[in-house]
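The values are calculated or read from the model by the stated rules, or taken from the named source; none is laboratory data. Quantities reported herein were computed from a predicted structural model and do not represent experimental measurements. Methodologically, a virtual Cβ is constructed for each residue, glycine included, from the backbone with ideal geometry; neighbour enumeration extends over all protein chains shown.
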Amino acid sequence: MNKVKGMFWRTWHALAELFHGELLEIKGKVKVKDYPVVITYDYHWTKNPLDSLNSALISKLIEDGMVHAGVLEDDSPKFVRESRLRTQKSDKYKHDTVVITISYLFEIEK
């Protein structure tokens with residue numbers, strides 16, 4: 001993974017800590033209770049949108065942050081069955097924004 005993301009592990013760790021800290025605001029306020037889930041990351045970019053797979057590493061940091069904050073019990077396949085990435089240029093928000101939707105797998109398979 002370090003070769004794929006192309007940064008030294010300490011840099012990656014510092015970035016992960018930043019995301020984890022941001023998600024601590026929701027600690028104790030949101031908790032998924034039924035599993036497995038599907039998580040949709042809907043990226044709205046104000047200028048140049050990243051393609052969906054370039055957004056994947058950001059999604060990984062967010063998902064790890066959700067585990068760290070206690071929103072998700074774990075991010076293994078037993079708990080998170082699928083992740084969906086959508087990306088678009090958007091005038092809806094003033095800043096680059098990601099809207100995260102967590103759905104129960106049984107809701108989607110109906």
Going through region 14-55 in order, the residues found to be closer than 23 Å to Tyr93 by Cβ and basic (Lys, Arg) are Lys29, Lys47
Scanning for something among the hydroxyl-bearing types (Ser, Thr, Tyr) and touching a residue at least 60 places away in the same chain (Cβ under 8 Å), does region 68-88 turn up at least one residue? no
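For region 35-44, state whether one or more residues are surrounded by 13 or more Cβ atoms within 10 Å (Cβ to Cβ), of a type in the set (A, V, I, L, M, F, W, C), over 12 Å from the mean Cα position of the chain (by Cα) and modelled with pLDDT under 95.
Step one: filter region 35-44 for residues surrounded by 13 or more Cβ atoms within 10 Å (Cβ to Cβ), giving 35-44.
Of the ones still in play, those that are also of a type in the set (A, V, I, L, M, F, W, C) are 37-39.
Restricting the remaining residues to those that are over 12 Å from the mean Cα position of the chain (by Cα) gives 37.
Now narrow it down to the ones that are modelled with pLDDT under 95: none.
No, region 35-44 has no match at all.
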Here the residues within region 25-71 that are assigned to a loop (DSSP other than H, G, I, E, B), closer than 25 Å to Thr11 by Cα, in contact with a strand residue (DSSP E or B) (Cβ under 7 Å, 6 or more places away or on another chain) and not polar (S, T, N, Q) are Pro49, Leu50, Asp51
Restrict the check to region 22-34 and report whether at least one residue is under 10 Å from the mean Cα position of the chain (by Cα) and touching a residue at least 12 places away in the same chain (Cβ under 8 Å). no
Quick check: is even one residue across region 64-82 loosely packed, with under 15 Cβ neighbours inside 10 Å, of a type in the set (Gly, Ala, Ser) and closer than 21 Å to Lys31 by Cα? yes
Hey, can you tell me all the residues within region 61-74 that are out of contact with any Ser or Thr (no Cβ under 9 Å at 6 or more places or on another chain), charged (D, E, K, R) and at pLDDT below 95? Asp64
Restricting attention to region 1-33, and to residues there that are surrounded by 12 or more Cβ atoms within 10 Å (Cβ to Cβ) and acidic (Asp, Glu), which single residue is modelled with the lowest pLDDT? Glu22
Matching residues in region 72-110 - criterion: being farther than 13 Å from Val32 by Cα and in a loop (DSSP other than H, G, I, E, B): Ser76, Pro77, Lys78, Ser90, Asp91, Lys92, Tyr93, Lys94, His95, Asp96, Lys110
Cβ contacts < 9 Å: first residue within 20 Å of Asp75 (Cα to Cα), restricted to region 37-59; second residue acidic (Asp, Glu) and part of a helix (DSSP H, G or I), any location; separation 6+ or different chain. Result? Val38/Glu107; Ile39/Glu63; Tyr41/Glu63
